[in-house]
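Engineer: One structure follows; several queries about it will come next.
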Amino acid sequence: MPASYTSELAQELAPDVLARFLRYVQIDTQSRRERTSSPSTPGQLDLGRLLVEELREAGLDDARLDENGYVVATLPGTSDGAGEGRAIGLIAHMDTSPDAPGHGVEPIVHLKYDGGVLSLPRAGTVLDPAAMPELAGKAGHDIVTSSGDTLLGADDKAGVAEIMAGVAHLAAHPELPRPTLRIGFTPDEEIGEGATLFDIPSFGARCAYTLDGSDLGELQDETFSALEVILTVHGVAVHPGWAVGKLVNALRLAAQIVAALPSDTLTPETTTGREGFIHPHEITGDAAQAQVRFILRDFDDDALERHRALLERTAKEVLASEPRARVEIDVREQYRNMRRFLTSMPEVTAAAEAAIRAEGIEPIRQPIRGGTDGSRLSEMGLPTPNIFTGGHEYHSVREWASLQEMAAAAAVVVRLAEVWSRDGDG
Ligand SMILES: [Zn+2]
């Protein structure tokens, strides 16, 4: 076995993972922020239909694409597995990010990567290991990239391909004990809607795992808690030639509020690890009315509440100098740190840890400075930590994935089934 594979099983699964991955990334499934239907774009249904077909070929006869664009399927458990009523879910998202071009993806496989600079054929895109510490360690791996002018779509088609390959392997090997597995492929995760129409009762799993992480060994049971705050300032617009004593410039007041917020702390560009932030990301409007959109993030819900209070206080203080102006503050909850929903079921994360170890990998436990489908699914009642996929540099034309790491993730799917069939009564 070449040293770059984590196990014989991973090596055995690799050709299937790669073939599926290359098929899936060539379908344009980019989601769109202004969503009027689910899914937001028809390409996601094309991938959904292909996955249903492939799931049925693998023997998952109930595979179907539901009316909202979710793919669901069941692999029944073996009699020595944990059996019915104790189903375990496996989830990945089918859409790709709207933040980089996603149409016409032409994947390139760089066999036995030599550890040097990878120059892609289009747009002068270069992957330089000097600037990418994760890539630097992958000499000898087979690296998949785009051709340089699109994203690759490893986020999250690596996860989709790994679940597909792992489940197909289990279906073909009934001698391997397993619990009932429920498969769910979601649309529109990248626009924050992956969990919105997920039918948890009919999914019927006691817990689930998203395969939507990155580095080999990552296991995440903690995400940010997230608020969106939309601040609307109403001023008084007048012809600027006759404005003396009358004009109240909403745009200027909005800018003053942003300027009055901390800038050397509590921002995404000055925080790491467990620190949260207040991030103004869009300002629009005119003298009459201006709007600032913020995202607020923290791992701790009380700290998040303090960030919200600070923002409101700052806005009100700025406005206090101008009684003719008015501010509206609209706070929307986006998702919650999944940790508190997972602490009551420690066996869920423990099983993933055991599966990763069984693959010969040391689990890496780090909180995610972001959210996943699992953040909202956990809050909605389906505890769902996140597992690595082997994809890197997401949402960019430099996105890449290691075949050896993708194969390791597919092997973790197989090992997870084994762990749950053993400990399923826990
Ligand atoms: Zn993702």
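The values are calculated or read from the model by the stated rules, or taken from the named source; none is laboratory data. These figures come from a predicted structure and were not determined experimentally. Virtual Cβ from ideal backbone geometry, glycine too; neighbours counted across all protein chains shown. Ligands, DNA and RNA are excluded from the accessible area calculation, which covers all protein heavy atoms including side chains. Shrake-Rupley method; radii C 1.70, N 1.55, O 1.52, S 1.80 Å.
Engineer: Once the other residues with Cβ under 12 Å from the Cβ of residue 142 are scored (Lys, Arg +1; Asp, Glu -1), what is the net sum? Numbers along the way, then the final one.
Structural biologist: Numbers: positive: 112, 138; negative: 114, 405.
Within the 12 Å Cβ shell, the charges total 0.
Engineer: Based only on Cα atoms, what Rg/Rh ratio does the range 1-87 have, Rh being taken as Kirkwood's radius? Display every interim value, and only then the final one.
Structural biologist: Details: Rg = 16.7 Å, Rh = 15.6 Å.
Computed over Cα atoms, the ratio is 1.07.
Engineer: Would you list the membrane-span-like helices of the chain, meaning whole DSSP H runs whose alpha-carbon atoms span at least 20 Å along their axis and whose mean Kyte-Doolittle value is at least 0.0?
Structural biologist: Values: long enough: 8-25 (26 Å, 0.33); 43-57 (22 Å, -0.27); 154-172 (27 Å, 0.67); 301-320 (28 Å, -0.61); 403-423 (30 Å, 0.59).
Length and hydropathy pass: 8-25, 154-172, 403-423.
Engineer: Carbon and sulfur: what percent of the chain's accessible surface (1.4 Å probe)? Walk me through the numbers on the way to the answer.
Structural biologist: Values: 8770 of 17380 Å².
The nonpolar share, carbon plus sulfur, comes to 50 percent.
Engineer: Volume per residue, Å³, of the convex hull around the alpha-carbon atoms of the chain? Can you show the working numbers first?
Structural biologist: Working: hull volume 64.5 nm³, N = 426.
About 151 Å³ per residue, rounded to a whole number.
Engineer: Given R₀ = 51 Å, FRET efficiency for residue 284-residue 79 by Cβ-Cβ distance, to 0.05? Let's see the in-between values first.
Structural biologist: On the way: r = 61 Å, r/R0 = 1.19.
The computed FRET efficiency comes out at 0.25.
Engineer: Here's another thing I want to ask about it. Expressed as a whole number of Å, what is the distance separating the alpha-carbon centroids of the range 206-221 and the range 138-173?
Structural biologist: 15 Å
Engineer: If R₀ is 25 angstrom, what is the calculated FRET efficiency for the pair residue 173 and residue 19, using the beta carbon separation as r and rounding to 0.05? Write out the running numbers ahead of the final one.
Structural biologist: On the way: r = 19 Å, r/R0 = 0.74.
That gives a FRET efficiency of 0.85.
Engineer: Along the charge dipole of the range 1-132, Cβ charges K/R +1 and D/E -1, which of 13, 30, 88 sits furthest on the positive end?
Structural biologist: With unit charges placed on the Cβ atoms, the residue in question is 30.
Engineer: Treat each spin label as a single point 7 Å out from the Cα along the C-beta direction, and report the residue 99 to residue 350 distance in nm.
Structural biologist: Output for this residue pair reads 3.6 nm.
Engineer: Projected area of the range 277-343, taken from the Cα convex hull and averaged over every viewing direction, in nm²?
Structural biologist: Details: hull surface 20.7 nm².
For the range 277-343, averaging the hull's shadow over all directions gives 5.2 nm².
Engineer: So how much slack lies between residue 366 and residue 260, counting 0.36 nm per residue of separation and subtracting their Cα-Cα distance, in nm? Provide the component values of the computation, followed by the final result.
Structural biologist: Numbers: separation 106, 0.36 × 106 = 38.16 nm, distance 3.25 nm.
The residue 366-residue 260 span can extend by a further 34.9 nm.
Engineer: Shifting gears a bit: Measuring from label point to label point, each 7 Å out along Cα→Cβ, what is the residue 238 to residue 252 span in nm?
Structural biologist: About 1.2 nm separates the two model spin labels.
Engineer: Wrap a convex hull around the Cα atoms of the range 334-426, take a quarter of its surface area, and give that in square nanometres. Numbers along the way, then the final one.
Structural biologist: Working: hull surface 27.4 nm².
Averaging across all directions leaves 6.9 nm² for the Cα convex hull.
Engineer: Percent antiparallel among DSSP beta bridges with both residues in the chain, to the nearest 5?
Structural biologist: Working: 47 of 62 bridges.
Here the antiparallel bridges make up roughly 75 percent for the chain.
Engineer: What is the extension gain from residue 112 to residue 422, computed as 0.36 nm multiplied by their sequence separation minus the C-alpha to C-alpha distance, in nm to one decimal? Write out the running numbers ahead of the final one.
Structural biologist: Values: separation 310, 0.36 × 310 = 111.60 nm, distance 3.69 nm.
Here the answer is 107.9 nm.
Engineer: Within a Cβ distance under 13 Å of residue 161, other residues only, what is the Lys/Arg minus Asp/Glu net charge? Present the calculation step by step, with values, prior to reporting the outcome.
Structural biologist: Numbers: positive: 20, 23, 157; negative: 16, 54, 155, 156, 162, 212, 405.
Here the count lands on -4.
Engineer: Given R₀ = 51 Å, what would the calculated FRET efficiency be for residue 340 paired with residue 139, taking r from the Cβ atoms and rounding to 0.05? Please list the in-between numbers first.
Structural biologist: Values: r = 41 Å, r/R0 = 0.80.
Using R0 = 51 Å, I get an efficiency of 0.80.
Engineer: Ranked highest first by the average count of other Cβ atoms within 10 Å around their residues, in what order do 26-39, 176-189, 44-57 fall?
Structural biologist: Details: 26-39: 16.9, 176-189: 25.4, 44-57: 18.7.
Answer by packing, highest mean first, reads 176-189, 44-57, 26-39.
Engineer: If you don't mind, there's one more thing I want to ask. Quick check on the chain: helices-only [θ] at 222 nm, where DSSP H runs of length 4 and up contribute -39,500 (n - 2.57) each and the sum goes over total residues. Nearest 500, please.
Structural biologist: Calculated mean residue ellipticity at 222 nm is -10000 deg cm²/dmol.
Engineer: Now, a different point. Any chance you could run the full-extension gain for residue 329 through residue 53? It's 0.36 nm times the residue separation minus the Cα-Cα distance, nm to one decimal.
Structural biologist: Values: separation 276, 0.36 × 276 = 99.36 nm, distance 4.76 nm.
Full extension of this stretch gives 94.6 nm more.
Engineer: I would also like to ask the following. Tell me the relative contact order for the chain as a rounded percent, counting alpha carbon contacts under 8 Å between residues six or more apart. Before the final figure, lay out each step's value.
Structural biologist: Working: 1008 pairs, mean separation 104.0, N = 426.
For the chain, the relative contact order is 24 percent.
Engineer: For the range 131-228, what does the relative contact order come out to in percent, with C-alpha contacts under 8 Å and a separation of six or more? Let's see the in-between values first.
Structural biologist: Values: 24 pairs, mean separation 28.1, N = 98.
Relative contact order of the range 131-228: 29 percent.
Engineer: Quick one: how many lysine pairs does the chain have with C-alpha atoms less than 26 Å apart and a gap of 8 or more or different chains? Give me the count, please. Don't skip to the answer; put the middle values down first.
Structural biologist: On the way: 112/138; 112/157; 138/157; 246/316.
So the count of such lysine pairs works out to 4.
Engineer: Could you work out which residue, out of 138, 157, 112, moves most in a Gaussian network model of the chain, that is, has the largest mean-square fluctuation with Cα springs under 10 Å?
Structural biologist: Judging by the Gaussian network model, the answer is 112.
Engineer: Quote the relative contact order of the range 188-331 in percent (integer), defining contacts as alpha-carbon pairs under 8 Å separated by 6+ residues. Numbers along the way, then the final one.
Structural biologist: On the way: 207 pairs, mean separation 42.9, N = 144.
Rounded, it is 30 percent for the range 188-331.
Engineer: By the scheme Lys and Arg +1, Asp and Glu -1, what is the net charge of all other residues having a beta-carbon under 13 Å from that of residue 278? Intermediate values should be presented prior to the final figure.
Structural biologist: Details: positive: 293, 297, 306, 308, 313; negative: 228, 264, 269, 275, 298, 305, 312.
Net charge in that neighbourhood comes out at -2.
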